[in-house]
Structure formats: C-alpha cells, structure tokens
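The values are calculated or read from the model by the stated rules, or taken from the named source; none is laboratory data. Given the structure is predicted, the values throughout are model-derived calculations rather than measurements. We place every Cβ from the backbone using ideal geometry, glycine too, and count neighbours over all the protein chains shown. Surface areas here come from the heavy atoms of the whole protein model, side chains and all, with no ligands, DNA or RNA. Shrake-Rupley method; radii C 1.70, N 1.55, O 1.52, S 1.80 Å.
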Amino acid sequence: MITHHPGEDLLALYAAGSLDEANSLAIVTHLTLCPACRAVCDDFEALGGALMDENSADTLKPDALAGTLGMIREARSEVTAISVPQRSAAPTAGASILPLPLQYYVGGDLAVARWRTLGPGIHHMPLITDGAATARLLRIAPGRSVFEHSHAGNEITIVLRGSYSAGGEEFRRGDLEMADGSVSHRPIAGSEDICVCLAVTDAPLRFGNWIGRLMQPFIGI
Ligand SMILES: [Zn+2]
C-alpha cells in the first residue's frame, strides 16, 4: 500500500517532459509501482495533447487547465495509458526489486550494483549526474541511520526495498518522500531488512516550457 506520492505539479512536469533526466527517473520509478499516479499522468498527457491541438500555449487563460482537465476526467475511458511498465507494488517471486527503468541504469538487478561506501552500513551507487541533479541508489543496513541533513535544493527519495522512518513517518516500497531546504531529517532504516532507495537531489525545477508556466499558478494547491 503506497501512502506517499508526488504532487500533481511534479507529475504534470513529468508528463510534459519538463524534468531533467534524474528527476524523470525518480517519477517513472514511482509510476511503475503506483497505479494511482499513473492515472493522474494519463490525465496530464491527454491534457497536453488536447491543448496542443486546440490552442497556442501563449494565448491560454489560467482556467483552461481546470476546464480541460475536468473534461478529460469525464472521458477517462478514452484516455491513452502512459507508456511505462505496468507493475504491481509487490515484487513477484524471483522478480527484480528494481523497476525496469532503474535496471537500465544499474545494468541489471541489485546483484550487479557497484556499491561504494558512504559510511558505516551505508553504501551508494551514483546513476546520473546531470548538471546539478544527481540520482543514486542508497543501501542502508537494518536499523542504521543516515546522518541528519537538510537540502540546498529538492530531494526525492523512493523506497525500493525495506523501509525507513523520518519525521515521524514510515516509508515503504513505492513510497516517495519530497524534501526541500526547509526539511532537516535523519532517516532510519527499518530493523527487518536492508533499505534500498533511489535518491535524487537537484537544483530548482525548471519551468522552461509552456506547461510549466501554465502550471505555476496551480502549484501549492
Ligand atoms: Zn503515487
């Protein structure tokens, strides 16, 4: 049961292709495990197509988004599914715990991951360094805590195996935690298993194209 999800603003940016590679990997990793967020992305992809068909982005009014999104939700049966691998949150016996997009970056399953030591009981494997944005796998021994830290930019963490707790909340497979510069936390891995996460840190999100600018008034709702 996934209980922590990305905001709709982030899903819209992903659907519009506005995120950098590292943040896109974070979102697609969550989408492969979360049917609810895949459905939201379906809406945004259809929204983008509908707006592109009917309007010039520069002439859109702010309420165009809400109106079009409402129409799309009514016509959900006609929405084309986003082309990400469809997988349940629980890995089947013998299956990789890594969603397919992550296997591409790792070069296979966890067994082939090339871990580097970060500290006692903590390892990482950098996957993407794209300007200021980086994506890495983290492996934390059972019960071990990561040093307390805050963030210069945004940090997205998605649990792939085991669990961790931070800020009084527990995060399990598929859960996505967002943290920004206002958050100082000290994640602690669950005692039952190692905890493997995908962690992405970045510079501020880019709003370089039409859907990003369109969405900005709605962000934070
Ligand atoms: Zn979700």
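Please verify whether Gly70 is among the small types (Gly, Ala, Ser), open to solvent by less than 80 Å² (accessible area, probe 1.4 Å), modelled with pLDDT under 90 and part of a helix (DSSP H, G or I), treating the condition exactly as stated. Reasoning before the result, please.
Values: among the small types (Gly, Ala, Ser): yes; open to solvent by less than 80 Å² (accessible area, probe 1.4 Å): yes; modelled with pLDDT under 90: yes; part of a helix (DSSP H, G or I): yes.
Yes; evaluated as a whole, the condition is true for this residue.
Is it the case, given these coordinates, that Ala57 is surrounded by fewer than 22 Cβ atoms within 10 Å (Cβ to Cβ), at pLDDT below 65, away from the ligand (no atom under 15 Å from the Cβ) and within 28 Å of Ala132 (Cβ to Cβ)?
Values: surrounded by fewer than 22 Cβ atoms within 10 Å (Cβ to Cβ): yes; at pLDDT below 65: yes; away from the ligand (no atom under 15 Å from the Cβ): yes; within 28 Å of Ala132 (Cβ to Cβ): yes.
Taking the combined requirement at face value, the residue satisfies it.
Here are some residues: Pro62, Pro91. Which one is within 24 Å of Glu169 (Cβ to Cβ), modelled with pLDDT under 65, away from the ligand (no atom under 15 Å from the Cβ) and not in a helix (DSSP H, G or I)?
On the way: Pro62 fails: within 24 Å of Glu169 (Cβ to Cβ).
Selected residue: Pro91, the only one of Pro62, Pro91 that is within 24 Å of Glu169 (Cβ to Cβ), modelled with pLDDT under 65, away from the ligand (no atom under 15 Å from the Cβ) and not in a helix (DSSP H, G or I).
Would you check which residues across the stretch 35-52 are touching a helix residue (DSSP H, G or I) at 6+ places or on another chain (Cβ under 7 Å), within 13 Å of the ligand (Cβ to nearest atom) and open to solvent by 20 Å² or more (accessible area, probe 1.4 Å) and list them?
We begin by selecting, within the stretch 35-52, every residue touching a helix residue (DSSP H, G or I) at 6+ places or on another chain (Cβ under 7 Å); these are 37-38, 40-41, 43-48, 50-51.
Okay, now just the ones that are also within 13 Å of the ligand (Cβ to nearest atom), so 37-38, 40-41.
Selection gives Arg38, Val40.
Quick grid of which residues meet (1) touching a His at 6+ places or on another chain (Cβ under 9 Å); (2) more than 21 Å from Tyr104 (Cβ to Cβ); (3) buried (at least 23 other Cβ atoms within 10 Å of the Cβ); (4) not acidic (Asp, Glu):
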residue: His5; (1), (2), (3), (4): yes, yes, no, yes
residue: Leu10; (1), (2), (3), (4): no, yes, yes, yes
residue: Leu13; (1), (2), (3), (4): no, yes, yes, yes
residue: Leu33; (1), (2), (3), (4): no, no, yes, yes
